[in-house]
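Below is one structure, written out as structure tokens; comments come after it.
The values are calculated or read from the model by the stated rules, or taken from the named source; none is laboratory data. Not measured: the values here are computed from a predicted model. Don't worry about glycine lacking a Cβ; one is built from the backbone with ideal geometry, like all the others, and counts go over all protein chains shown.
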Amino acid sequence: MLPDGTGLPVGKGSALDGEVIYRSKYASCHGASGEGVRPFGQALVGGIGTLASPNPVKTIGSYWPYATSVWDYIHRAMPYDRPGTLPPDETYAVTSFLLYRNGIIQHDEVLTQESLAKVRMPNRDGFVPDPHPDVRKPARTSQSRQ
């Protein structure tokens, strides 16, 4: 899955549909509205503007740079007890609900493979290269050039 939406399957989902799915499959771990239930599931909502603070809150709204990455993670890794079982339409719906709860899209927006990549996440420009001096790009070998 690429940030520009390349690789997204055909599908659609709204926040209204996503709320029903979210509450039945995710609320027990992440709270009824995404506030988190420790120690089971972290908060998915809130935290916007906290990353530079002494107590950053990393959520979908505050941390993730691309809405397509949110969709991809939900599709591959959730629900926790049955990862990868959510069909594309349900994944669009749950993604839509979580983006709505974070104030990123309107409650009546319907996300599709075309519209998801156009969603501008609050932290889109917040990622920087890793500053650790011990982390380097791997050297290119003759095999990696093939």
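Here are the numbers for the structure shown:
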quantity: Those residues of the stretch 23-58 which are under 20 Å from residue 94 (Cα atoms) and of a type in the set (Lys, Arg), in sequence order; calculated: 23, 25, 58
quantity: Subset of the stretch 15-35 (residues that are of a type outside the set (A, V, I, L, M), outside any loop (DSSP other than H, G, I, E, B) and over 15 Å from the mean Cα position of the chain (by Cα)); calculated: 17, 19, 23, 24, 25, 28, 29
quantity: Count - residues of the stretch 88-127 that are within 13 Å of residue 17 (Cα to Cα) and without any contact (Cβ under 8 Å) to a residue 40 or more places away in the chain; calculated: 0
quantity: Conditions (1) of a type in the set (A, V, I, L, M, F, W, C); (2) closer than 21 Å to residue 8 by Cβ; (3) modelled with pLDDT of 95 or more: number failed by residue 45; calculated: (2)
quantity: Test: residue 24 is hydroxyl-bearing (Ser, Thr, Tyr) and either modelled with pLDDT of 95 or more or over 26 Å from residue 125 (Cα atoms) (or both); calculated: yes
quantity: Selection within the stretch 21-60 - among the hydrophobic types (A, V, I, L, M, F, W, C), within 23 Å of residue 80 (Cβ to Cβ) and in contact (Cβ under 8 Å) with a residue 60 or more places away in the chain; calculated: 21
